[in-house]
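Reviewing the structure listed below.
Just so it is clear, none of the values below were taken in a lab; they were calculated from the coordinates. Note that the structure is predicted; figures quoted are calculated from it, not measured. Because the Cβ atoms are built from the backbone with ideal geometry, glycine has one as well, and the counts that use them run over all protein chains shown.
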Amino acid sequence: MQTLDKLQIRTLGEAQVWVNGNPVQWRAESARELFFYLLAHPEGHTREHIIEALWNIKSDASASNRFRVTVHRIRAALGWPGALLEEYSRYRLSEETLGASDVHVFYRVLEQAERATGLRQLELYQQALALYQGEFLPSEDGEWASEIREQLRAAYAQTELKVAHLLCGQGKCRASVAAQARALRADPYVGENHHQSFMRCLWQLEGKYASVEYYRRFIRFLRDELGDTPMPETTELAEEIKRGADTNLGNAQGCPFAQRFAQPLLPARGPN
């Protein structure tokens with residue numbers, strides 16, 4: 001493919017495709033939608049599955065013709081027939097095309113990070129986080145996009161927590177707290193234990209008033225979003241913090257966040 005090294009695909013925070021520095025002209029919204037759908041499902045799908053998933057219609061002669069025209073438009077827009085493959089009745093994007101997308105680079109770097117150790121692991125996690133410039137296909141309303149969006153949001157939050165853990169181990173506690181905060185903003189459903197750890201870190205680094213204020217915001221979140229209340233352990237921790245004195249952690253030794261993550265976090269998962 002003569003334009004392979006000039007193909008750029010952005011899905012995180014925006015939805016853009018460039019060939020040789022020029023925005024791709026899809027000629028039809030169905031072509032753009034099918035392209036990003038296949039990008040989100042690298043294993044590919046049958047024509048019948050795609051037609052029903054994207055257009056919510058049964059695969060008849062008219063729908064099949066529309067699908068054929070849409071596939072042609074994608075190949076023409078990218079300037080390479082091999083960008084979209086049909087194998088064993090399944091349609092998928094080529095590995096070269098997938099490799100030009102930010103979302104697949106994001107997951108590839110995460111996989112490398114999980115095999116690395118020490119400073120190299122931290123460097124790779126931070127490299128992956130730099131790729132996450134926002135939500136996956138933010139303007140796409142389809143259910144398929146929402147599912148991938150949630151997976152990526154969770155992967156981003158988990159990665160921020162892993163970075164926070166590594167920074168804490170280096171004694172960089174304020175940077176660790178900043179990473180925890182980004183994780184909890186991105187995915188407040190990540191787990192109440194993480195909110196508890198954040199409260200403890202805030203207590204030791206910024207004082208009990210900052211920690212108690214965060215607890216109050218967390219209560220409002222549970223009430224307004226879930227119709228729920230905090231776990232007894234979280235309430236007990238808040239009372240302990242209210243009674244306690246302000247402290248200064250100073251280093252990572254004895255850090256409550258490091259203790260919380262004595263067990264490894266779950267690995268990130270790519271698109272299904």
Here the relative contact order (percent) of the chain, from C-alpha pairs under 8 Å and at least 6 apart, is 18 percent
As straight-line cross-link partners of Lys208, the qualifying lysines (C-alpha separation under 28 Å, not fewer than 8 residues apart within one chain) are Lys162, Lys172, Lys242
Once the in-chain neighbours fewer than 8 apart are removed, the aspartates and glutamates whose Cα is under 17 Å from Lys6 read Glu95, Glu96, Asp102
Bounding extents of region 1-122 in its principal axis frame from Cα atoms, largest first in Å, are 57, 29, 27
Read-out Rg and Dmax of the Cα atoms in Å, candidates (1) 20.1, 84; (2) 18.4, 57; (3) 22.7, 74; calculated match is (3)
Computed over the chain: longest principal axis from alpha-carbon atoms vs helix 173-186 long axis, angle to nearest 10 degrees, is 50 degrees
Between the modelled labels at Arg174 and Gln8 (7 Å from Cα along Cα→Cβ) the distance in nm is 3.5 nm
Per the helix-only model, the chain has a calculated mean residue ellipticity at 222 nm (DSSP H runs of ≥4, -39500 (n - 2.57) each, divided over all residues, rounded to the nearest 500) of -18500 deg cm²/dmol
If the chain between Ser139 and Arg66 were fully extended at 0.36 nm per residue, the gain over the current Cα-Cα distance would be 23.9 nm
For 55-65, 12-22, 125-135, ranked highest to lowest by mean beta-carbon neighbours within 10 Å, the order is 125-135, 12-22, 55-65
Restricting to aspartates and glutamates and to Cα separations under 15 Å from Lys58, and discarding same-chain partners fewer than 8 apart, the set is Glu48
Final fewest-first order of Leu202, Leu222 on the 10 Å Cβ neighbour count is Leu222, Leu202
Ordering 182-191, 32-41 by per-residue average of other C-beta atoms within 10 angstrom, highest first, gives 32-41, 182-191
Length gained if Thr46 through Gln127 is fully extended, taking 0.36 nm per residue and subtracting the Cα-Cα distance, is 25.7 nm
Computed from the beta carbon distance with a Förster radius of 35 Å, FRET efficiency for Trp55 and Leu226 to the nearest 0.05 stands at 0.50
